[in-house]
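Asks: The structure's right below; bear with me while I get my questions together.
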Amino acid sequence: MPARELALYRHELADSAFVLRGEQDQPLGFVTICRQSGSAWIGNLIVDPQQRGAGHGRRLFEHAVRMLSSRGAATLWLTASAEGRPLYAGLGFRDVGRIERWVWNGVGMGRRGPSVGDKDELYALARADAAAWGNSRAGLLTMLARGGQIFAVGSTVALLQAGDDWRVLGPWLSANLCPRSARTLLSKAMEAFSGPGEIAVDVIGGSPVRPLLQAAGFRQGGETVLMMRGAAGKVRLAEVVALASLGSMG
């Protein structure tokens, strides 16, 4: 889990992280949730490898679903590994796509883009995100954008989140998927990256930005299944280039 995300679940989102403990109060596993209006994400379902096979993952997951239902979330999203997919499918989740993780390990030039202090850029990011997902996630994006940099080219906008050795590029949204805009935005993000480390981006499978990422030196590091339960509503997934997190917050 990226350091920025971990800090949020320790502070602002502490009521959205749940730990399952054993008889000796030892941690057996944990799960996180992230609700925005009528929809939510379930992420970071982790069970101690020595405790697997005892149903702890199912207990944590079912607890997360109950909590989100009690908080008014009718549509639930998650990204699933091959191992976790049967559990989620058995509880009513269906496949809606793939998520590919692309990682770049390089050194940028450290040029600054607009930061969270630039309200116009943050507003543009939140507006594009709301149009794609069908509801406002302005509060979440404001937290993720602290110390980060926002880049906008035409109708394409993305956030390069703050971090030390590991920085997330997302959310990345585009109403028209213009290749030139995507290429320019990606170049700006890479130039803004300073020092050794990595940029990670969770891209919607089949996205037209994949060749751009490959040409820029990114490598694909894994793949998960995008799943949901409930009605998609006004979601326009085609406008989502990349998620706002590494699969846990959407």
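The values are calculated or read from the model by the stated rules, or taken from the named source; none is laboratory data. Everything numeric here is computed off the predicted structure, so don't read it as measured data. Note that we place each Cβ from the backbone using ideal geometry, even for glycine, and neighbour counts take in every protein chain shown. Ligands, DNA and RNA are stripped out before the accessible areas are found, and what is left, the full protein with its side chains, is counted by its heavy atoms. Shrake-Rupley method; radii C 1.70, N 1.55, O 1.52, S 1.80 Å.
Asks: Find how many whole Å separate the alpha carbon centroid of the range 61-76 from the alpha carbon centroid of the range 205-250.
Replies: 23 Å
Asks: From the C-alpha coordinates alone, can you work out the Kirkwood hydrodynamic radius of the range 149-250, in Å?
Replies: 14.1 Å
Asks: Residue by residue through the range 238-249, what is 3J(HN,Hα) from phi via Karplus (6.51 cos²θ - 1.76 cosθ + 1.60, θ = phi - 60°)? Round to whole Hz and write x for glycine and proline.
Replies: These are the phi-based 3J(HN,Hα) values: 5, 8, 8, 7, 8, 6, 7, 8, 8, x, 9, 10 Hz.
Asks: Here's another thing I want to ask about it. Kindly provide log₁₀ I(q)/I(0) values, in the same order as q = 0.15, 0.30 Å⁻¹, from the Debye equation applied to equal alpha-carbon scatterers of the range 192-242.
Replies: The Debye formula, applied to the Cα set alone, gives -0.56, -1.35.
Asks: Where both partners of a DSSP beta bridge lie in the range 3-144, what percent of those bridges are antiparallel, to the nearest 5?
Replies: Numbers: 12 of 15 bridges.
Close to 80 percent.
Asks: Also, quick follow-up: Suppose the chain between residue 37 and residue 1 were pulled fully straight at 0.36 nm per residue; how much longer would it get relative to their current alpha carbon spacing? Write out the running numbers ahead of the final one.
Replies: On the way: separation 36, 0.36 × 36 = 12.96 nm, distance 2.39 nm.
Net length gain for the segment: 10.6 nm.
Asks: Hey, with R₀ at 51 Å, roughly what FRET efficiency would residue 119 and residue 63 work out to, going by the Cβ-Cβ distance, to 0.05?
Replies: 0.85
Asks: On to the next question. At a 10 angstrom cut-off on C-beta neighbours, averaged per residue, how do the peptides 64-76, 35-47, 211-223, 143-155 rank from highest to lowest?
Replies: 35-47, 143-155, 64-76, 211-223
Asks: Please list, in order, the residues from the range 34-54 whose amide nitrogen is less than 16 Å from a point placed 7 Å along the Cα→Cβ vector of residue 11.
Replies: Answer for the range 34-54: none.
Asks: Then there is this: Starting from the Kirkwood Rh over alpha-carbon pairs, what translational D in µm² s⁻¹ does the range 1-160 have by Stokes-Einstein at 4 °C and 1.567 mPa s?
Replies: 73 µm²/s
Asks: Let me ask something additional. Calculate, for the chain, the solvent-accessible area per residue in square angstrom, rolling a 1.4 angstrom probe over the heavy atoms of the protein chains.
Replies: Per-residue value: 46 Å².
Asks: Just order 236-249, 119-132 by mean Cβ neighbour count inside 10 Å, highest at the front, would you?
Replies: Most protected by this proxy first, the peptides run 236-249, 119-132.
Asks: Quick one: if you take sqrt(5λ) for each eigenvalue of the C-alpha gyration tensor of the range 88-225, what semi-axes come out, biggest first, whole angstrom?
Replies: Gyration-tensor ellipsoid for the range 88-225: 23, 19, 15 Å.
Asks: Additional query: Ignoring ligands, DNA and RNA, please state the percent of accessible area on the range 115-250 from carbon and sulfur, probe 1.4 Å.
Replies: 53 percent
Asks: Run the 1.4 Å probe and let me know the accessible area of residue 166, rounded to the nearest 10 Å².
Replies: 90 Å²
Asks: Now, a different point. Based on the mean of other beta carbon atoms within 10 Å per residue, what is the order of 88-99, 19-30, most packed first?
Replies: 88-99, 19-30
Asks: Under a crude label model (7 Å from the Cα following the beta-carbon direction), how far is residue 52 from residue 91 in nanometres?
Replies: Going by the 7 Å Cα→Cβ label model, 1.7 nm.
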